[in-house]
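Inspection log for the structure reproduced underneath, given as structure tokens.
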Amino acid sequence: MQKQSSWQRILSAAVALCLAVPAVAKEQDKDKDADDPGARRAARDEWYNDNYGHGNANPKKGGPFSPKFMKFMNDAAAKERAKYASTLPGTGSTISPSTDPTASIAATGTTWVNIGPTKANYEQNGSTSLTKSDSGRVRNIIVDPSAPSTIYAAFAGGGVWKSTDGGTTWTPKTETLGSLSVGSLEMDPNNSQTLYLGLGDPFDGTGIGLVKSTDGGNTWMNTVYLGDSTQITDIQVAPGNSNIVMATTNRGLFRSVDAGATWAQVSLATGYNEVPYGWSIAWAGGSRFVATLEAEPSATSGNTEGQIWLTNDNGATWTRSTGVTAGVERMTVAAAPSTRGTPTTATLYALADNHAGDLADLFKSTNGGATWTALGAASKRYKNGNTEARTVSAVFNTQGWYDQLLIVNPTNPNLVFFGGALHLAKTTDGGGTYSQVTNWLAQFSLPYVHADMHTATYDAAGNLYVGSDGGLFVSKDGGTTFSDSMNVGIASHLIYDVGMSAANRDASIVGLQDNGTRVRVGNTSVFNQEIGGDGFDVEIHPTNASLMLGTLYYARVYKSTNAGLDFASACSGITECNNSSTAPFTTKLTRWTGDTTGNTVFTFSNTKVYKTTNFATTWTALGVTGLPTTSLFIRNVGVAKSNVNIIGVAANSGRVFLTNNGGTSWTQVAALPNNGLSISDVAFDTANPNIVYVASVAPDGTKAHAWKSTDFGASWTVLSNGLPAGVPVNQITVDPGSNTTLYAATHLGVYRSTDAGATWARFGAGMPLVEVTDVEILPDSSLVRAATFGRSVWELVP
């Protein structure tokens with residue numbers, strides 16, 4: 001990967017500041033990294049369900065957990081709320097709005113402190129450098145019509161955040177629900193204090209059910225389940241009748257007539273045997289609503305049969321609309337607010353993708369959704385087309401199943417914005433002509449909005465808000481320019497891994513889902529993006545903090561020698577590097593903590609372990625004798641601090657392999673009791689390598705998720721006393737200063753044992769009930785950092 005040198009970046013940033021525009025990548029740059037949500041979705045299925053080599057019936061929809069397990073997780077969270085109420089945010093302590101990201105942050109005592117990312121001074125992707133800030137993936141944005149300075153933002157993995165000052169400061173509102181995965185958020189149009197929150201992002205979420213707040217998100221009622229649905233994609237409350245609430249889900253359309261207390265599934269004669277997958281609802285005025293669905297959602301050939309349905313009685317009965325052509329799949333519908341006065345003549349639009357994930361068409365109705373006309377948008381050229389997208393067909397970039405945004409201007413029914421993988425587009429004449437509005441890298445003289453757009457809204461003043469994989473963006477001039485300032489202060493990033501170093505305790509590097517690899521500035525919550533795309537495992541050299549490692553998909557390792565300002569490819573010797581057939585999507589690194597030089601690091605492909613003794617300058621493959629020759633997928637690797645030749649491999653099918661001769665030969669350990677597969681980690685006692693710890697993320701509440709062996713894997717004991725029962729454990733970390741102190745990174749927070757795993761308790765105060773993906777500890781045990789999937793990075797001084 002080529003990048004600007006640090007002095008070039010500083011110069012370009014200065015020029016950008018003087019000109020008030022970000023630096024722009026050259027058209028011929030080929031080194032920019034975008035994420036791949038389809039591959040990411042499949043990788044999460046493999047990680048949790050140990051589903052390798054079997055494919056996936058429908059890799060485009062749904063999270064990795066079953067409905068039964070997600071309900072189990074809700075119950076497990078309720079138990080932890082009751083047990084640890086005094087230490088959880090919002091119960092044992094108040095939650096304060098976010099503060100200045102540039103202020104110094106230091107953890108003290110036994111309370112977790114969030115260190116971000118909450119801001120970036122710049123974001124680097126290839127040779128493009130932008131002076132922008134992002135936050136996590138947004139599912140919904142709501143502006144209170146009665147108090148326009150009150151804004152809610154719902155994040156796919158970071159829960160709901162609220163601002164009461166127009167987006168200057170933010171406060172998280174769902175810290176103890178147990179799932180920060182959001183599918184939809186809706187405000188009662190008759191009472192802005194009432195909110196409905198559908199848990200579970202529709203693509204890779206792990207939440208389920210619906211919760212309701214009647215005090216602006218301060219408190220939430222108990223979870224209500226909508227049949228056997230696991231994703232709630234959209235919610236609408238009937239204007240004029242707060243008792244009627246409708247929701248689209250992955251198991252059809254549901255309706256409540258008692259303000260969300262109970263729900264009934266709506267019967268729809270789609271013409272197919274499957275339960276439809278509902279996506280979107282729009283109010284067309286009066287008691288008229290229009291909904292979109294896929295009638296055959298599991299279809300893997302042909303298409304999933306996108307349909308549009310209409311109700312004239314607030315959802316009691318529905319009829320199928322006509323005019324939608326064959327070959328469409330997911331659709332998003334939006335109504336023109338200025339035409340709702342006469343519902344039968346209201347103007348609506350529907351955005352549709354096809355089986356390839358590209359734009360099928362943009363449809364239009366001028367009779368309240370009863371009949372539709374295809375506008376032929378896919379074949380039309382943009383008025384301002386460019387080398388990245390000349391025709392409207394490019395708007396989805398094969399990802400229409402994942403990123404769809406559609407909104408009609410409140411006063412002009414012919415002005416429609418839609419998106420979009422890499423850009424936002426618009427039509428100003430009701431579908432006759434089209435223009436690009438934004439670009440994911442601010443190319444072609446277009447303003448920046450992060451890639452992968454999911455939602456949009458207007459406020460009463462006509463300001464346009466857009467939500468994408470990179471957070472919140474607002475335009476106050478009709479889309480001519482967009483500001484990213486609302487992202488500052490929001491800690492909602494999905495973090496895979498965090499790195500730290502004894503050479504500089506403030507230094508930190510993180511790998512983020514679709515928000516790159518980022519490096520911390522000083523001791524602030526500012527993290528600058530240095531590599532684009534999905535960032536995975538990261539490391540900082542323990543004795544020289546100027547040396548850093550970052551990763552991308554498929555065993556791609558990158559190295560910096562100047563504290564993260566520049567990275568270069570560092571996978572020399574890894575024959576599977578950047579090969580999606582032979583390397584895992586998620587790249588992992590394990591540093592040998594027993595190396596006084598700090599240069600020894602391990603990684604792996606699907607079938608072999610690699611080792612470097614010069615901090616990733618070159619890599620050498622270890623032996624494979626004793627490892628399976630077929631059907632092997634390595635999931636993680638661990639190394640004993642006391643002996644670099646003692647290595648453990650977590651593999652698929654619930655298997656663990658150990659070597660005591662540096663990989664010359666491997667032996668499979670004895671069976672793990674009550675093993676639900678999906679082994680996530682192997683760790684060793686820092687002093688006695690015969691003591692081995694293993695963790696699992698199996699989505700099964702009846703299975704064990706942590707084990708201990710005292711005889712090098714010949715026998716095992718389940719570790720469970722004090723851990724949240726049945727909850728996945730991503731990692732077990734042995735404290736470098738005390739081999740009887742262990743930390744477990746679970747899906748509900750960090751738990752600690754001070755007796756070598758015999759008993760456990762929740763560690764520290766102030767951390768929400770959130771999935772922890774990584775726990776790192778300084779060699780002198782003076783600082784602990786935890787990466788979370790949805791609430792960024794936290795630190796604590798033990």
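Pairwise Cα separations in the stretch 155-487 fall into 10 Å bins from 0 onward with the following percentages, short to long: 6, 27, 37, 25, 5, 0. What separates the Cα centres of the stretch 650-712 and the stretch 351-376 is a distance of 52 Å. Near the amide H of residue 353, within less than 5 Å, lie the amide hydrogens of 329, 330, 360, all on another chain or at least 5 residues away, with H placed in the peptide plane.
For residue 296, the solvent-accessible surface computed with a 1.4 Å probe is close to 60 Å², ligands and nucleic acids excluded. Only one residue of 230, 208, 415 has its Cα farthest out toward the positive end of the dipole of the stretch 155-487, where Lys and Arg carry +1 and Asp and Glu -1 on Cβ, and that residue is 415.
Just so you know, the averaged projected area of the alpha carbon convex hull for the stretch 375-478 sits at 6.0 nm². Relative to one another, the C-alpha centroids of the stretch 739-793 and the stretch 135-155 are positioned 31 Å apart.
Ranked by the mean number of other Cβ atoms within 10 Å per residue, highest first, peptides 633-641, 328-336, 65-73, 786-794 order as 786-794, 328-336, 633-641, 65-73. Between 0 and 90 degrees, the angle of helix 37-49 with respect to the longest Cα principal axis of the chain falls at about 50 degrees. Listed by chain and number, the aspartates and glutamates whose alpha-carbon sits under 12 Å from that of residue 608, ignoring those within fewer than 8 places in the same chain, are 576. Which log10 I(q)/I(0) values, to two decimals, does the stretch 495-796 give at q = 0.07 Å⁻¹ under the Debye formula with one point per Cα? Ignoring solvent entirely, the Cα scatterers give -0.23. Here the contact order of the stretch 470-607, divided by its residue count and restricted to Cα pairs under 8 Å and six or more residues apart, works out to 15 percent. Only alpha carbons enter this Debye calculation for the chain, each as an equal point scatterer, and the log10 of I(q)/I(0) it gives at q = 0.04, 0.06, 0.08 Å⁻¹ is -0.15, -0.35, -0.63. I'd like the carbon and sulfur percentage of the solvent accessible area for the stretch 155-487, probe radius 1.4 Å, heavy atoms only, ligands and nucleic acids excluded. Answer for the stretch 155-487: carbon and sulfur cover 46 percent of the accessible area. Legend: residue pairs 173/588; 79/703; 79/173; 119/173; 132/364; 588/641, Cα-Cα distance threshold 27 Å; pairs beyond threshold, 173/588; 132/364.
A cut-off of 5 Å between modelled amide H atoms, ignoring neighbours fewer than 5 places along the same chain, links residue 422 with 452.
In this structure the amide hydrogen of residue 610, modeled in the peptide plane, comes within under 5 Å of the amide hydrogens of 603, 604, 605, 622, none closer than 5 places in sequence on its chain. Solvent-accessible surface of the chain, averaged per residue with a 1.4 angstrom probe and all protein chains in place: 32 square angstrom. Within the stretch 122-164, the ratio Rg/Rh, alpha carbon atoms throughout and Rh by Kirkwood, equals 1.15.
Computed on the stretch 621-663, the Cα convex hull volume stands at 70 Å³ per residue. Apolar share of the accessible surface for the stretch 648-798: 48 percent from carbon plus sulfur atoms, 1.4 Å probe. Only DSSP H runs of four or more residues enter the estimate; each adds -39500 (n - 2.57), and after division by the residues of the chain the mean residue ellipticity at 222 nm equals -2000 deg cm²/dmol. Accessible area per residue was computed with a 1.4 Å probe on protein heavy atoms; residue 345 scores about 80 Å². Summing Cβ point charges (Lys, Arg +1; Asp, Glu -1) relative to the Cα centre of the stretch 155-487 gives a dipole of roughly 740 debye.
Angle check, please: helix 67-83 long axis (alpha carbons) against the longest principal axis of the chain (alpha carbons), in degrees 0 to 90, nearest 10. Here the helix axis deviates by roughly 70 degrees. Within the shell defined by Cβ-Cβ distances under 11 Å, the residues around residue 448 carry a net charge of -2, with Lys and Arg each +1 and Asp and Glu each -1.
The values are calculated or read from the model by the stated rules, or taken from the named source; none is laboratory data. This structure is a prediction, so every number in the text was calculated from the model and none was measured. Ideal geometry is used to build each Cβ from the backbone, glycine not excepted, and the neighbour counts take in all protein chains shown. We work out accessible area using only protein heavy atoms, side chains counted, and drop any ligands, DNA or RNA first. Shrake-Rupley method; radii C 1.70, N 1.55, O 1.52, S 1.80 Å.
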